[in-house]
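**Student:** I am attaching a structure below and will ask some questions about it afterwards.
Values in this text are rule-based calculations from the coordinates and carry no lab data. Everything numeric here is computed off the predicted structure, so don't read it as measured data. Quick reminder, even Gly has a Cβ in these numbers, built from the backbone with ideal geometry, and neighbours come from all protein chains shown.
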Amino acid sequence: MVVVKDSGIDWLGEIPKEWEVRRLRFVSNVLNSNVDKKTVEGQEAIILCNYVDVYKNDHITEGLPFMESTASTEDIKKFSLNTGDVIITKDSESANDIGIPALLCDNINGLVCGYHLSLIRVFENQLNGEFLFYFFKLYK
């Protein structure tokens, strides 16, 4: 039997007694990408995870047909994707299409988070990316 406690949040209700309620910003980095799909001369070649990749797929895997583009060295460092990252749609023409999540399942060399998306990278030993992905799916 699981011992529970009140979370203190109306919509969440009870949670297991050993859990803590913490804001996302205290267990992860949330980065809003500005990496555009346009190729710019002088920038480094990348493969881009874009809005449609996230919107149409729960899981981002190596087999998806990613777009080729370019990005600055700084943006590549900041927005390169790692296994366990959660990517969500950050804006859209419809409010229903904001906050759609996808989980990065494969470590894909050169894959960068694109424009109209936010990258959520959980802090080690704080939260599990897969749990966060399913949490977003549950409440979307």
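**Student:** Does segment 87-113 hold any residues that are under 13 Å from N57 (Cβ atoms), in contact with a Phe, Trp or Tyr (Cβ under 6 Å, 6 or more places away or on another chain), outside any loop (DSSP other than H, G, I, E, B) and hydrophobic (A, V, I, L, M, F, W, C), and which are they?
**Tutor:** Within segment 87-113, L103 is the sole residue that qualifies.
**Student:** With respect to S69, determine if the residue is under 24 Å from E130 (Cα atoms), among the small types (G, A, S) and surrounded by 14 or more Cβ atoms within 10 Å (Cβ to Cβ).
**Tutor:** No: the conditions fail for S69.
**Student:** Can I ask one more? Does segment 47-60 include one or more residues that are of a type in the set (K, R) and without any contact (Cβ under 8 Å) to a residue 40 or more places away in the chain?
**Tutor:** Yes, some residue in segment 47-60 is of a type in the set (K, R) and without any contact (Cβ under 8 Å) to a residue 40 or more places away in the chain.
**Student:** Mind listing just one residue for me: the one in segment 88-106 that is in contact with a Ser or Thr (Cβ under 7 Å, 6 or more places away or on another chain) and touching a residue at least 24 places away in the same chain (Cβ under 8 Å) and, of those, farthest from E124 (Cα to Cα)?
**Tutor:** Here the residue is D97.
**Student:** Could you please give the count of residues in segment 49-77 that are under 11 Å from I100 (Cα atoms) and touching an Asp or Glu at 6+ places or on another chain (Cβ under 8 Å)?
**Tutor:** Looking only at that region, the number is 1.
**Student:** Turning to a different aspect of this structure: Go through N34, N29, N50 for me and flag whichever is within 22 Å of Y139 (Cβ to Cβ) and within 23 Å of the chain's Cα centre (by Cα).
**Tutor:** Unique residue meeting the criteria: N29.
**Student:** Please work out if S33 is surrounded by 10 or more Cβ atoms within 10 Å (Cβ to Cβ), in contact with a helix residue (DSSP H, G or I) (Cβ under 6 Å, 6 or more places away or on another chain) and either over 20 Å from S118 (Cα atoms) or not β-branched (V, I, T) (or both).
**Tutor:** Judged against the criteria, S33 is a match.
**Student:** How about segment 72-98: which of its residues are of a type in the set (A, V, I, L, M, F, W, C), surrounded by 12 or more Cβ atoms within 10 Å (Cβ to Cβ) and out of contact with any helix residue (DSSP H, G or I) (no Cβ under 6 Å at 6 or more places or on another chain)?
**Tutor:** Matches in segment 72-98: I76, F79, L81, I88, I98.
**Student:** If V21 passes every condition in (1) farther than 18 Å from N125 by Cβ; (2) loosely packed, with under 13 Cβ neighbours inside 10 Å; (3) not charged (D, E, K, R) but one, which one does it miss?
**Tutor:** All conditions pass for V21, except number (1).
**Student:** Scan segment 45-60 and tell me whether some residue there is among the hydrophobic types (A, V, I, L, M, F, W, C), buried (at least 16 other Cβ atoms within 10 Å of the Cβ) and over 14 Å from L111 (Cβ atoms).
**Tutor:** No, that holds for no residue.
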